[in-house]
Structures are given as C-alpha cells and as structure tokens.
Amino acid sequence: MFGLYRLALVSPDLRPADVDFNVEQMISSYREAAAAGASLVLFPEAAVTGSSCGSLLGQPYLLQKSLHGAARLAAATGNAPAVFGLALHRNGAVFNAAAVAQNGEIAAFVVQDLPEELCDGDLYPAATVFECGVDISVGFYGDFPQDNHAAVRLYVGAETAEPLGYRKRDEFFRSLSAAGACVAAGAFAGIGETTTDNIYSGGCCCAVNGETVCSGKAGFAPQIRYCDFDSEKILAARLQQQKFAVPELTLDPMPEAPDMRYFVNRGQPFLPADPAAKMEFCAETLAIQSQALAARFARCHAQSMVIGISGGLDSTLALVAMAQCCKEHNIAPEKIIAVTMPGFGTTGRTRNNALKLAELIGATIREIPIVPACRQHFADIGHDENCRNSVYENSQARERTQILMDIANQTGGIVIGTGDLSEIALGWSTFNGDQMAMYNLNCSIPKTSIAPLLECAARDLPAEAAAVLHDVIATPVSPELLPPDENGDVGQKTEAILGAYELHDYYLWQLLNGVAEAEKLLALAQHAFGEKYPEAELIRVRDLFMRRFFTQQFKRTAAPDGIQAGQYSLSARGAWQMPSDLQITKL
C-alpha cells in the first residue's frame, strides 16, 4: 500500500532447550503477524532453542533438533519473510546464526563471525544485504554495526535486564537509523529464558530515519510490536546521502502493509510529539537563531539590526530571537531598529502588540505609515486604489522593504528577514518585497512551529512580554494588505484563502521526505487528521500546495542568506535545487 511496509517484532514465550514448544510459539506468532498484514516478522537471537541454553548447545541432539525446528518454522512461512535466531552446527563448529525464511523454505543463514572460507552456499556473513522489494540486512545486537547501506537493518538480540537498559537499545537504534538513513529494528529474548542469575529483558525496538517509533521499554512479557514505515521516505533520505547497497541474495518481494494501522503519521511532523522533547527542540532552535545572528552581525561589522514589525507570528519570532541574541552576546538592545509601517490593512491589535513588544525589549522604535507613499505610487503608475488586486497588495510589501533597506543603509545595519519555511514553500511573499532581506532568521521554521517557539520563549520573559506573545499567537494569520472589516478586525485571513497551514505544513513535510503522489498524499492526510477536515478540503489544499510549490521556485532561487535553525531548508544554494520553470504541479 503506497510503498508502506509493516515490520512485526516478536519477543515470544520461549523455554530453554524446548525446541518443539518454541517453534510452536513462533509459528503462532508468525501467523498472527501475517494476519495483521506484516511484511516481515523478526524474532530474537537463538529463538529456536532459547538463548540461555549454555553448554547444552554442545549436544548434537539439541543442535539437530534446532535445525529441524527451523525447517518446520520455515515451512509455515508465506510471502512475508521470517528472520529468527538459532544455533547452527556446520563444519564441526556451532555458530550463532539467523535464518531468513520465506514461502516455506530457508533462503539463507546469516552467521555471526562467519569465517571467510565458509562464506558459500547458504551461509552469509552478518550484515549481508538481501533484496525483497526493499534492501534488508540481518545482524546481531551487540556487534559493532557495519555500514552496509541496507534500507532496513534488522538485529536479533538477547540481553539480560538492567535498570533503564532499554534506553541504550533505543539510542542505538535511533542513532543507527539516523546515520544510515534507514529503518533499524531489533527483537530480544524475553522472560521465558533462564532466571538463574539474571532475567532477560525482552522488548522490541524500531527507529526510522532517526526517530524512535517503537521503544524497547515494554518487556518482561511475550509481545508482538508492529512498526509501519514508508519505503519512499527511506529511499528519498538515502538518495540525498547517496547510500546504496549491493544485494547478495534476492528474495521474493515481501507484501506491502494492507493499511496504516501501526504507521507513525502525526499531523504536525515538524516537531517532536513528546512535550518535553518539543520544548527542548524549541529552545535549541531559538539558540541557533541567536548564535547565527550574532555571528553574522559581527562578521559584517553591522551597527544595527533592522526589522519590520507587524505584530504577526513571523516578525514576533524574529524580534524575540534578536532580543535573545542581544542579551546573550552583549549587544545593546537599542541596536535593534524595529520599524512599524501601518498600511491599508493594519489593525490596532497587531500594531499595539508590535510596539509593546519592541518597547519591552528596549529596541529603537520607528513608525512610518506607508499609505501616503503607496497612494503616490498608485498615482505614478495609474492604478485605481479601489482595485485591490496584486498591484494594490504587492506595492505595500515593496514599499515596506524599501523603507527597511534604506534605514539599514542610513544606520550601517542589516535587514533581518522574517519569512518562514511555509511561506517560502508556497511562494506566499512579494518578489523583491517581503521575499527580500539581508539575513533571514525564520527561513527553516514552518508556520505551525512558530507558536510553540513563542510559547517556549514566553517562559523566560517577564509576564507583560509573555502576555504579548500569547496574544500574537491568538491573532489570525494575515499579511494585513487589505482593509480591516467593519469591526476593525483583521479583514484578510490567510488560512481562509490558502487553507489551514497545518495541512500545508503536513504536505510540505511529506514532499520533503519523498512523497509527491497525489493519491498517497491524500491517504496519508486522511490517516493523520481523521475527521478533522473533509476530504474535499484535503484535496483542495493538496492541489493548491503542489501547484504553488512547483511554480514558486524562482522566489527561492533569489532568496537571501538565512540560517537553517530547523530540520529542513529550501535554500536553492544546496538544500532544494530544481528548475524555476517546471511544467508540472506534482512529481
């Protein structure tokens, strides 16, 4: 289904040296996993005999039973491969091995510490790459991970329990999946093993592209954990890193997942789901913005930082980062020149919030109304002010940029850009207007991340400043280029035109991670948002996003320098390079 695959990670109920019992438990688990749509089923190390047999693994009878049991388990497999550990007797030695079985047969034995002279026939060394629709490899947890560039790296394991030991396993799989741009997963021997001196921790772990989707914390009981992953996202990440594998054995393609039941698919994927991790992420983002601005300010020998303040989310975030920069790097806050430029659509709420925050941080404030200049411009070019088209709107944005640039020249400063990642993706800016600056602080921050960043900043600000931030968050998103409504409130609401930024950011994240197929985007959005949005709106926003994304590259190509403080960038200098004149609206 749309390139999604489902891993089933099994820590079954096992008994040391009771091969018949163990195989029955694994066959039962395999059938349950296959019925749940598993693409591949992974069992622990030495699962056929149990990992804690000790010297019993020197008994020929048990080794023979182990091989027969493996064959019986393999006979129960279908198109979904099963990977399971066993003790393998070959050439007068006993090896720790993992069998790869599919469609009733054992296709290969992957052997830990396999001597080179035995690498023949059905014996393969650990980390060998198999192709079965996606590239997989099998290894043994505890070994030094080999960088084989497989898209899915599977580990069989057997570890005795220790307090918080699961954290080490989680970190291993998380870091391995991040470094390898892959899926990293493991299944571990559990409570059925011996309790003579230790107990075995059990548990199953899985991480995808650096994000833990299945933690090994839940153990001490038989379990099956399911993890869905998107092979297209893995491929996209690997293409960016140029990581490719050369398969040594080809299996039949394993089945795709029939649904998205276990697929981690959050509606706001740009931020961590865990509240504590989200706050830490936001704090680090602000710190990166602050440090980058300090370095740029010093290196260009600037005397001021010039910013247009509107009382909206973007300019407020940039102003907060500038204030933090001044505080942390001993820069006088009055070097921030905060310019409010009321136009045809400016409301009292946004103007007052902008001025209040600038005052509280100690910035130098200038207020320069742009209506007279715009009316003069309309007269100069023969434009009717009552015609509120793109000329009416864009002239205001360009007038504001001209003012900021000239003030920067006047004060030896740099103009700080405020456009965010979502606006850059959509081209929701005026070319050579708010699209332009000398250094952009928000260019890697999606719109849906700005409110959490301001919430994070508010924790460390005085109550009066924090109250301003909270009111900014509550204000509808608007460029305020059209007059207010009859009540004096914002009359031009961006999300009423474009659709929810939550949806645009979701589609953007999917596109940046390799998903551009229209049907798949819709299916993923329906899974992520449930009944929150009707299907017609999901389609409308998807089509609008794709059209604007592919037609607005020319603005990104001419964008100013900007710091990547978030996870993604659309900088045409390296992060996102594509022609500006594409004739398509989807890949």
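The values are calculated or read from the model by the stated rules, or taken from the named source; none is laboratory data. Keep in mind the model is a prediction, meaning the values are calculated, not measured. In this analysis, Cβ positions are derived from the backbone assuming ideal geometry, glycine residues included, and neighbour counts consider all displayed protein chains. We work out accessible area using only protein heavy atoms, side chains counted, and drop any ligands, DNA or RNA first. Shrake-Rupley method; radii C 1.70, N 1.55, O 1.52, S 1.80 Å.
For Lys217, a cut-off of 16 angstrom between C-alpha atoms picks up these lysines, skipping any fewer than 8 places away in its own chain: Lys168.
Once the 1.4 Å probe is applied to the protein heavy atoms, region 6-136 comes out at 36 Å² accessible per residue.
By per-residue mean of other Cβ atoms within 10 Å, what is the highest-first order of 344-352, 441-449, 86-94? Intermediate values should be presented prior to the final figure.
On the way: 344-352: 19.1, 441-449: 27.7, 86-94: 16.2.
In decreasing order of mean packing, 344-352, 441-449, 86-94 become 441-449, 344-352, 86-94.
At a 1.4 Å probe, what is the % contribution of carbon and sulfur to the accessible area of the chain? Carbon and sulfur atoms account for 51 percent of the accessible area of the chain. Relative to the longest principal axis of the Cα atoms of the chain, the long axis of helix 518-529 lies at roughly 90 degrees.
Based on the Cβ-Cβ distance from Leu56 to Ala276, what FRET efficiency comes out when R0 is 45 Å, to the nearest 0.05?
Numbers: r = 46 Å, r/R0 = 1.02.
The computed FRET efficiency comes out at 0.45.
Per residue, the convex hull spanned by the alpha carbons of region 257-324 comes to 142 Å³. Going by alpha carbons, how many degrees (0 to 90, nearest 10) lie between the helix axis of 348-361 and the longest principal axis of the chain? In the chain, helix 348-361 runs at an angle near 80 degrees to the longest axis. So for the pair Glu211, Asp561, with labels modelled 7 Å out along Cα→Cβ, what separation do we get in nm? Result for the modelled spin labels: 3.2 nm. For the chain, Cys53, Cys119, Cys132, Cys182, Cys204, Cys205, Cys300, Cys325, Cys326, Cys374, Cys387, Cys443 have no disulfide-compatible partner, since no other Cys C-beta lies under 4.7 Å from theirs. Label zone of Ala298 (point 7 Å out along Cα→Cβ, amide N under 18 Å): in region 309-336 this covers 322-333, 335-336.
Based on the Cβ-Cβ distance of Phe431 and Gln583, what FRET efficiency does E = 1/(1 + (r/R0)^6) give at R0 = 22 Å, to the nearest 0.05? Computed FRET efficiency for Phe431 and Gln583: 0.60. Sorted from greatest to least, the principal axis extents spanned by the alpha carbons of the chain come out as 97, 49, 43 Å.
May I ask for the Rg/Rh ratio of region 5-140, computed from Cα atoms with Rh as the Kirkwood radius, given to two decimals? Here Rg/Rh amounts to 0.94.
Here the scattering of region 229-379 is modelled by Debye summation over its C-alpha atoms, one equal scatterer each and no solvent; at q = 0.17, 0.18 Å⁻¹ the log10 of I(q)/I(0) is -1.05, -1.11.
Once the Cα atoms are used to define both axes, helix 447-458 deviates from the longest principal axis of the chain by about 80 degrees.
Taken as Cα centroids, region 59-119 and region 343-422 sit 71 Å apart, rounded to the nearest whole angstrom.
Taking Cα pairs under 8 Å and at least six residues apart, what relative contact order does region 443-549 come out at, in percent? Mind showing how you got there, number by number?
Working: 69 pairs, mean separation 21.6, N = 107.
Dividing the mean separation by the residue count of region 443-549 yields 20 percent.
Checking the table Lys447/Lys493; Lys233/Lys520; Lys447/Lys532; Lys335/Lys493; Lys356/Lys493 against a 21 Å threshold on Cα-Cα, which pairs fail? Could you put the intermediate results ahead of the total?
Details: Lys447/Lys493 14 Å; Lys233/Lys520 12 Å; Lys447/Lys532 19 Å; Lys335/Lys493 33 Å; Lys356/Lys493 23 Å.
Over 21 Å apart, Cα to Cα: Lys335/Lys493; Lys356/Lys493.
Placing dummy labels 7 Å off each Cα toward the beta-carbon, the span from Arg573 to Asn389 is 3.6 nm.
Structural descriptor for region 191-342: relative contact order 14 percent, calculated from alpha carbon pairs under 8 angstrom and at least 6 residues apart. With R₀ fixed at 56 Å, the C-beta to C-beta distance from Phe378 to Lys532 puts the FRET efficiency at about 0.85.
Where only DSSP H runs of four or more residues are counted, the chain gives -12500 deg cm²/dmol as its mean residue ellipticity at 222 nm, each run worth -39500 (n - 2.57). Computed over the Cα atoms of region 1-73, the ratio of the radius of gyration to the Kirkwood radius (Rg/Rh) comes to 1.06. Take each peptide in 357-365, 119-127, count the other Cβ atoms within 10 Å of every residue, and average; sorted highest first, the result is 357-365, 119-127.
As a length-normalised measure over Cα pairs under 8 Å and 6 or more apart, the relative contact order of the chain settles at 12 percent. When the chain is described by a simple charge dipole with +1 on each Lys and Arg Cβ and -1 on each Asp and Glu Cβ, the residue from Gly58, Ala363, Val468 located farthest towards its positive end is Ala363.
Distance from the C-alpha centroid of region 244-286 to that of region 128-195: 16 Å, rounded to the whole angstrom.
At a probe radius of 1.4 angstrom, the accessible area of region 453-587 per residue rounds to 46 square angstrom. Seen from Phe554, the other residues with C-beta closer than 13 Å to its C-beta sum to a net charge of +2, counting Lys and Arg as +1 and Asp and Glu as -1.
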